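Bear in mind that the values in this text are calculations on the coordinates, not laboratory data. From a predicted model like this one, the values you see are computed outputs, not experimental measurements. Using ideal geometry, Cβ is built from the backbone for each residue, glycine included, and neighbour counts are taken over all protein chains shown.
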Amino acid sequence: MLTSSKAAVAAVLLLAAAAASAQAPCAENARLGRLQINNQIGGKTMCALRGNDRWQEFHQSGGALIDFKKGPNDPVDPSKQVGTWSVGSSGADTVLTHSYGGSENYSWAVCSTGSASYTLISTSGAGSQNVTVVDGQRACP
């Protein structure tokens, strides 16, 4: 059963897939490899927005995926781990995988679109999501 946090993240990802009409490839030389993903995503908070849905997940070193919520010290809605993240392969390509438990796994090609900006492209052809990253575990701008 999904917690409200996991359900919200899953809903955003599903909306992203539904809103995208086709899988767009990375621009030439923009797809990140294993070391690049680890260096540019690991230890950072990934920020995404689609309509009124917003998510911000900290990619902790060691693989914990933490929903920032209102921050680790908030007494009402503190940060908490919602899953794990890893870098692996899909065929010959490197992918970022977010796992939320059970069969809730999302794998993405990570394409650089500028300084701290990326497009995540579903490896299942289900769509894409633009994201930015900020250093450390902190709220997104």
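Which of the residues that make up region 86-122 are surrounded by 17 or more Cβ atoms within 10 Å (Cβ to Cβ) and among the small types (Gly, Ala, Ser)?
Ser99, Ser107, Ala109, Ser112, Ser122
Can you tell me which of (1) more than 13 Å from the chain's Cα centre (by Cα); (2) closer than 20 Å to Gly33 by Cβ is the one Tyr106 doesn't meet?
Looking at each condition in turn, Tyr106 falls short on (1).
What single numbered condition from (1) among the aliphatic types (A, V, I, L, M); (2) surrounded by fewer than 17 Cβ atoms within 10 Å (Cβ to Cβ); (3) closer than 17 Å to Val131 by Cβ; (4) in contact with a Ser or Thr (Cβ under 8 Å, 6 or more places away or on another chain) fails to hold for Ala64?
All conditions are met except number (3).
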